[in-house]
Amino acid sequence: MKSLQPSLIAFLVSTALLAGCQPAADKPAATTPVVAEAAAPTAEQAKAFLQQAAADLDALIIESGRAEWIANNFITEDTEALAASVNEKLTAKIVKMANEAAKFNQVQVDADTRRQLELLKQALTLAAPTDSTKTAELAGLAAKLNGMYGKGKYCKADGTCLDLGQMSATMASSRNYDEQLEMWKGWHDTAAPMRPLYQRQVELANEGARELGYADTGAMWRSKYDMDADAFAAELDKQWATVKPLYQALHCHVRAKLGEKYGTDKVPQDKPIPAHLLGNMWAQTWGNIYDVVAPENSDPGYDLTKLLADKGYDELKMVKGAEAFFSSLGFAPLPETFWTRSLFTKPRDRDVVCHASAWNLDNKDDLRIKMCIERTGEEFSVIHHELGHNYYQRAYNKLPILYQGSANDGFHEAIGDTIALSITPKYLQQIGLLEQVPDESKDIGLLMKMALDKVAFLPFGLLVDQWRWQVFSGKVTPEQYNEAWWKLREQYQGVSAPVARSESDFDAGAKYHVPGNTPYTRYFLAHIQQFQFHKALCEIAKDDGPIHRCSIYNSKEAGAKLNTMLEMGASKPWQEAMQSLTGQPNMDSSAILAYFAPLQTYLDEQNKGRTCGW
Ligand code: X8Z
Ligand code: ZN
């Protein structure tokens, strides 16, 4: 299904009890064996155990993927119950196997065996307690929360109801303060009923994590990055510190422009920006308000949404266009079943989880996406994002099941985005969407548009799990859920709730990945890494122009190098995968900073005389 690391499960499975499966080959085993040890186990037994585990997992994952696919494509009490039931079975099995894997903690085994044992211990996103009643309860809650998100609607006083897609479209295009506010509040209020379920889910998942030897679920999530869990958290802080000045400059400029547009009474120039004015339900990407901040004299003069419409791109043609990019790099075409089994448009007559996801149903080549595609430039990028998952899943499908995942979960999220960075004017001209490539005087406009999506996202990419980590650790209690959420949104993003909120609200639940139980730090990582990957691939493709104008379209050399990394799956620590593509092992924000350097100069100039910060 959605990629559980080992393609154990697809990406973003909502009910993903499973997910990342990052190794920690060099770290002492974190788990306390629950299963009593009789005679000391041997290395041969470890190998035999892994072989059996792989066979059991393969079958169960396929079964879970099918149940999840149906539950996400047709939300009813019955499909929810069936998904919960199979996930209960799968989770119980993995918890049992994780405990058995821990029996080999002190056994001398080869590096490959050690890595697979560690991956198995880390395979779950939500660990269930061994008590079977609690496993069932947890699986039921996860399925229910996922369904609640998918069914969410806001009904106006006149009885008309709007879904998230409709409300998001209004948020993107409306420049009417009150209308945007109505959409924002309408959607956020749908999450309130999730609160007690989420609270209980936290209790159960923590109990499961503790049984596996972790302090709590957040500590378990942080332990999946081939480094000490605390060192990983510190690494995130370090990365954020390096990109924060760029974010703050963008925030300052955007707030000033919004002040001009809506009045400084509505957008005070020394306070966080009201969260509903940035063109996106969660204020996580701001590209939809490009028109509000478009730099004078350097607007590139085209709008991808309009170009797509002018050239008759419907949903299918958009997906075919994204596939063609991957084909140009040398990747084989998607299988016929991709086209017959995927969901590309929102069905008219049933509830589905519209949040875009990519799936691998058989751990081989039954690749699919599930998306309610809108005909916009933004969605064209999301399609590339999803196909990135699918090509990754295919590239590692020959590996042992425990290695069928990405180097770390940020890598999985970065691949399609890396390709989408190559959707430059030059590329759009090559594929016949754009007549004329704007000259360099328009670069600031192009960079602004990109920054509104990529730079604006960074603090949001961090804070979602900062909130969850505090919730899982108990630092934030259920009575503080909403207050803590807004504290982080103000602190990191500099945005504020546009109307008073209280503890009867559950605003974190209005973001898919919270009820969907998908860890979110992966997207922060991906937003740093995709610029590193893009830079490395542009060098291989011998595109020696400015990095923001580079497109690797048609470069078989770049495709081959990318594929080499994808084929490694999770078989090696992520630093080795990073090294194979970029020639060095670290996550490094200098690529994103270099990409936006001309924009930083422009923003600093614009911000002269303004008071920045909040
Ligand atoms: O959830 C997604 C993808 C599916 S893995 C569409 N993304 C995050 C989000 O929408 O919140 C991509 C970027 C961030
Ligand atoms: Zn993704």
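The values are calculated or read from the model by the stated rules, or taken from the named source; none is laboratory data. Not measured: the values here are computed from a predicted model. Glycine also receives a Cβ, built like all others from the backbone with ideal geometry; neighbour counts cover every protein chain displayed. Ligands, DNA and RNA are stripped out before the accessible areas are found, and what is left, the full protein with its side chains, is counted by its heavy atoms. Shrake-Rupley method; radii C 1.70, N 1.55, O 1.52, S 1.80 Å.
Below is a table of values for the structure above.
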| quantity | calculated |
| --- | --- |
| Among the residues listed as Ile431, Ile369, the single one being among the β-branched types (Val, Ile, Thr), crowded, with 21+ Cβ neighbours inside 10 Å, over 30 Å from Glu235 (Cβ atoms) and modelled with pLDDT of 95 or more | Ile369 |
| Selection status of Tyr198, within 24 Å of Tyr492 (Cα to Cα), outside any helix (DSSP H, G or I) and aromatic (Phe, Trp, Tyr) | no |
| Candidates Lys96, Lys2, Lys103 - the one that is modelled with pLDDT of 50 or more, open to solvent by less than 10 Å² (accessible area, probe 1.4 Å) and of a type in the set (Lys, Arg) | Lys2 |
| Segment 114-136, residues that are part of a helix (DSSP H, G or I) and either among the hydrophobic types (A, V, I, L, M, F, W, C) or crowded, with 19+ Cβ neighbours inside 10 Å (or both) | Arg114, Arg115, Gln116, Leu117, Glu118, Leu119, Leu120, Lys121, Thr135, Ala136 |
| Test: residue in segment 268-278 that is assigned to a helix (DSSP H, G or I), within 24 Å of Thr601 (Cα to Cα) and within 16 Å of ligand 1 (Cβ to nearest atom) | no |
| Yes/no for Glu539 being within 30 Å of Gly321 (Cβ to Cβ), modelled with pLDDT of 95 or more and open to solvent by 30 Å² or more (accessible area, probe 1.4 Å) | yes |
| Unique match (being touching a helix residue (DSSP H, G or I) at 6+ places or on another chain (Cβ under 6 Å) and charged (D, E, K, R)) among Asp505, Asp543 | Asp505 |
| Filter result for Ala172 (among the aliphatic types (A, V, I, L, M), in a helix (DSSP H, G or I) and closer than 26 Å to Trp469 by Cβ) | no |
| Which listed residue, of Glu296, Glu323, is open to solvent by 50 Å² or more (accessible area, probe 1.4 Å) and either of a type outside the set (Gly, Ala, Ser) or assigned to a strand (DSSP E or B) (or both) | Glu296 |
| In segment 332-350, residue nearest to ligand 2 (Cβ to nearest atom) [restricted to those that are assigned to a loop (DSSP other than H, G, I, E, B) and buried (at least 18 other Cβ atoms within 10 Å of the Cβ)] | Ser342 |
| Test for Ser502: is it among the hydroxyl-bearing types (Ser, Thr, Tyr), assigned to a loop (DSSP other than H, G, I, E, B), modelled with pLDDT of 95 or more and surrounded by fewer than 21 Cβ atoms within 10 Å (Cβ to Cβ) | yes |
| Residues of segment 351-361 classified as open to solvent by 40 Å² or more (accessible area, probe 1.4 Å) and more than 10 Å from ligand 1 (Cβ to nearest atom), total | 2 |
| Close pairs (6 angstrom Cβ cut-off, 6 or more residues apart or separate chains): in contact (Cβ under 8 Å) with a residue 24 or more places away in the chain in segment 578-602, open to solvent by 40 Å² or more (accessible area, probe 1.4 Å) anywhere | Met578/Pro585; Ser589/Thr242; Ala591/Lys535; Tyr595/Ile547 |
| Of residues in segment 178-217 being surrounded by fewer than 22 Cβ atoms within 10 Å (Cβ to Cβ) and of a type in the set (Gly, Ala, Ser), the one nearest to Asp505 (Cα to Cα) | Ala192 |
| Segment 218-255, subset within 30 Å of Asp131 (Cα to Cα) and among the basic types (Lys, Arg), residue surrounded by the fewest Cβ atoms within 10 Å (Cβ to Cβ) | Arg222 |
| From the options Leu447, Leu452, Leu463, residue that is in a helix (DSSP H, G or I), within 13 Å of ligand 1 (Cβ to nearest atom) and surrounded by 20 or more Cβ atoms within 10 Å (Cβ to Cβ) | Leu463 |
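Yes or no, residue by residue, for (1) closer than 21 Å to Trp339 by Cα; (2) touching a residue at least 24 places away in the same chain (Cβ under 8 Å); (3) away from ligand 1 (no atom under 14 Å from the Cβ):
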residue: Asn363; (1), (2), (3): yes, yes, yes
residue: Glu379; (1), (2), (3): yes, yes, no
residue: Val382; (1), (2), (3): yes, yes, no
residue: His385; (1), (2), (3): yes, yes, no
residue: Asn390; (1), (2), (3): yes, yes, no
residue: Ala395; (1), (2), (3): yes, yes, yes
residue: Tyr403; (1), (2), (3): no, yes, yes
residue: Asp409; (1), (2), (3): no, yes, no
residue: Gln430; (1), (2), (3): no, yes, yes
